[in-house]
Amino acid sequence: MTSQRSVLLLTPGPLTTSASTKSAMLRDWGSRDPDFIALTAAIRRRLVDIAGVTRTHVAVPLQGSGTFAIEATLGTLTPPAARVLVLANGAYGRRMTLILQRIGRQPVMVESAEDTPDDIDALADTLAGNPTISHVAAVHCETTSGILNPMDAIAAITRQHGRRLIIDAMSSFGALPIDSADGEAFDALVASSNKCLEGVPGLAFAIVREDALSACAGHAPSLALDLHDQWRGFERDGQWRFTPPTHVVAAFAAALDEHAAEGGVIGRGLRYRENCRVLVREMRSLGFETFLPDALQAPIIVTFRMPADERFEFGEFYTRLSERGFVIYPGKLTEVESFRVGCIGRLAASDMVAAGEAIAAVCAEMGVITLAPASDG
Ligand SMILES: *Cc1c(COP(=O)(O)O)cnc(C)c1O
């Protein structure tokens, strides 16, 4: 047996999960077991509930990580050779562009700097000038930096121009609301089990307008990632098309119970906001600087600038911190040296205080004196 020492994951996922979510996996289920079919159906209902689109949309779970569902959704909802406007201000927006290229769609990327929200004026201009663009794809919280994009405005502009919106809400769904505009805001919203819903990793899902999805037979360039066929499978007999991640589904049901008990999207968002506030307060009191101004920061993951002090070696910092039970994450920005600390998962403000203390102790051990970044690095 390996060590059972538990660590707190202050990362963008996989995340720290509760004991009851983990213990929901201590039973085997057959894929045709009526209890398991009921569990899947319940999860599908609860996801459309959380999104506030019960009348118009269906939830389609899919085996795999979040990217699998992004690729399935882009490939299924857009017809071959479709032109798709992608709003990008980080790695996940750029990844949607890569996926679209790979599956033979035509992405039109509207890119902003990583510290700047999606450009809604450029969105409106590009849609107005390009009537052949059929869809817009956008990231709600761009986890690369932790920035919150103006999704309600993006949805309104996309709708005014008569185009269809696909949202990567991977790192926000369940904690940060999106106005569903009575089901009119988006054709699809994609997320996964192990971000703000605090399940274990292994399944992702799209919440899709039923009338849009039913018109998409034959679009997908992939068999396994065909969201339309996956949906038809659930509608036909309640079963997954291929081997379901049964234990992950059971854990997800338990995690959704906890989400409801915490007060749903509002309750979860409040806890994450408090985690984020305490984390930033503790880190600033040590001398660290955030990459983003507070007004643009989503309460999901915080990017800190790398201290200029050359005794601050990130690999050593990371290892020493994980030995103390806190796993953080490297930076992913293209221009600025940084690292990230997550606020999501089964974490409380007291964990953020403890993380701040551990970070202070590790910096002292490493002999780092000043934690400020190089002046405007
Ligand atoms: C985590 C994440 C994804 C998907 O990542 P996987 O590693 O495939 O689960 C996609 N978009 C955003 C914004 C994310 O935070």
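Conditions (1) assigned to a helix (DSSP H, G or I); (2) on the phi > 0 side of the Ramachandran plot; (3) crowded, with 18+ Cβ neighbours inside 10 Å; (4) in contact (Cβ under 8 Å) with a residue 12 or more places away in the chain, marked per residue:
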site: Leu225; (1), (2), (3), (4): no, no, yes, yes
site: His247; (1), (2), (3), (4): yes, no, no, yes
site: His259; (1), (2), (3), (4): yes, no, yes, yes
site: Arg268; (1), (2), (3), (4): yes, no, yes, yes
List, please: which pairs have Cβ atoms under 8 Å, are six or more places apart or on different chains, and start with a residue in segment 9-20 that is under 15 Å from Arg324 (Cα atoms) and in contact (Cβ under 8 Å) with a residue 60 or more places away in the chain and end with one that is within 13 Å of the ligand (Cβ to nearest atom) and not in a loop (DSSP other than H, G, I, E, B)? Leu9/Gly342; Leu10/Tyr329; Leu10/Gly342
May I ask you to list pairs of residues, at least six apart or on different chains, whose Cβ atoms are under 9 Å apart, with the first in segment 118-144 being at positive phi and the second being crowded, with 18+ Cβ neighbours inside 10 Å and part of a helix (DSSP H, G or I)? none
Could you list, in sequence order, all residues of segment 300-356 that are free of Cβ contacts under 8 Å to residues at least 60 places away in the same chain and of a type in the set (D, E, K, R)? Glu310, Arg311, Glu313, Glu316, Arg320, Glu323, Arg324, Glu337
When only residues in segment 285-314 that are among the small types (Gly, Ala, Ser) and either under 21 Å from the mean Cα position of the chain (by Cα) or modelled with pLDDT of 95 or more (or both) count, which is surrounded by the fewest Cβ atoms within 10 Å (Cβ to Cβ)? Ala295
Right, Ala253: under 30 Å from Arg32 (Cβ atoms) and either of a type in the set (Val, Ile, Thr) or out of contact with any Pro (no Cβ under 6 Å at 6 or more places or on another chain) (or both) or not? yes
Filtering segment 160-174 for residues that are closer than 20 Å to Ile50 by Cβ and more than 13 Å from the ligand (Cβ to nearest atom) leaves a count of 1
Number of positions in segment 201-248 that are touching a Leu at 6+ places or on another chain (Cβ under 9 Å), within 17 Å of Trp29 (Cβ to Cβ) and within 16 Å of the ligand (Cβ to nearest atom): 3
Residue count, segment 160-185, condition among the small types (Gly, Ala, Ser), within 16 Å of His57 (Cβ to Cβ) and either in contact with a Pro (Cβ under 8 Å, 6 or more places away or on another chain) or part of a helix (DSSP H, G or I) (or both), comes to 2
Of (1) within 14 Å of the ligand (Cβ to nearest atom); (2) in contact (Cβ under 8 Å) with a residue 60 or more places away in the chain, Pro177 satisfies every one except (1)
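Can you name every one of the helices (runs of 4 or more DSSP H) wholly within segment 41-159 that holds 3 or more residues which are within 16 Å of the ligand (Cβ to nearest atom) and over 29 Å from Gln239 (Cα atoms)? Walk me through how you get there before you give the answer.
Numbers: elements: 66-77, 91-102, 120-129.
Passing ranges, in order: 91-102.
Each row is one residue, and each column tells you yes or no for (1) modelled with pLDDT of 95 or more; (2) surrounded by 14 or more Cβ atoms within 10 Å (Cβ to Cβ); (3) under 19 Å from Ser172 (Cα atoms); (4) within 23 Å of the chain's Cα centre (by Cα).
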{"site": "Ser6", "(1), (2), (3), (4)": "no, no, no, no"}
{"site": "Thr17", "(1), (2), (3), (4)": "yes, yes, yes, yes"}
{"site": "Leu26", "(1), (2), (3), (4)": "yes, no, no, no"}
{"site": "Val48", "(1), (2), (3), (4)": "yes, yes, yes, yes"}
{"site": "Leu62", "(1), (2), (3), (4)": "yes, yes, yes, yes"}
{"site": "Ser65", "(1), (2), (3), (4)": "yes, yes, yes, yes"}
Conditions first: (1) part of a helix (DSSP H, G or I); (2) buried (at least 24 other Cβ atoms within 10 Å of the Cβ); (3) in contact (Cβ under 8 Å) with a residue 40 or more places away in the chain; (4) not aromatic (Phe, Trp, Tyr). Asn194 passes all but one, so which condition is the exception? (1)
Note: among His161, His140, just one is at pLDDT 95 or above, surrounded by fewer than 22 Cβ atoms within 10 Å (Cβ to Cβ) and touching a helix residue (DSSP H, G or I) at 6+ places or on another chain (Cβ under 7 Å), namely His161
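Condition check ((1) under 30 Å from Ala254 (Cα atoms); (2) among the polar types (S, T, N, Q); (3) without any contact (Cβ under 8 Å) to a residue 12 or more places away in the chain) across all residues:
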residue: Val60; (1), (2), (3): yes, no, no
residue: Ile70; (1), (2), (3): yes, no, no
residue: Thr73; (1), (2), (3): yes, yes, no
residue: Leu87; (1), (2), (3): no, no, no
State yes or no: is Gln230 polar (S, T, N, Q) and in a helix (DSSP H, G or I)? yes
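The values are calculated or read from the model by the stated rules, or taken from the named source; none is laboratory data. On a predicted model such as this, the values are computed, not experimentally measured, just so you know. Cβ: placed from backbone, ideal geometry, glycine included. Neighbour counts: every protein chain shown.
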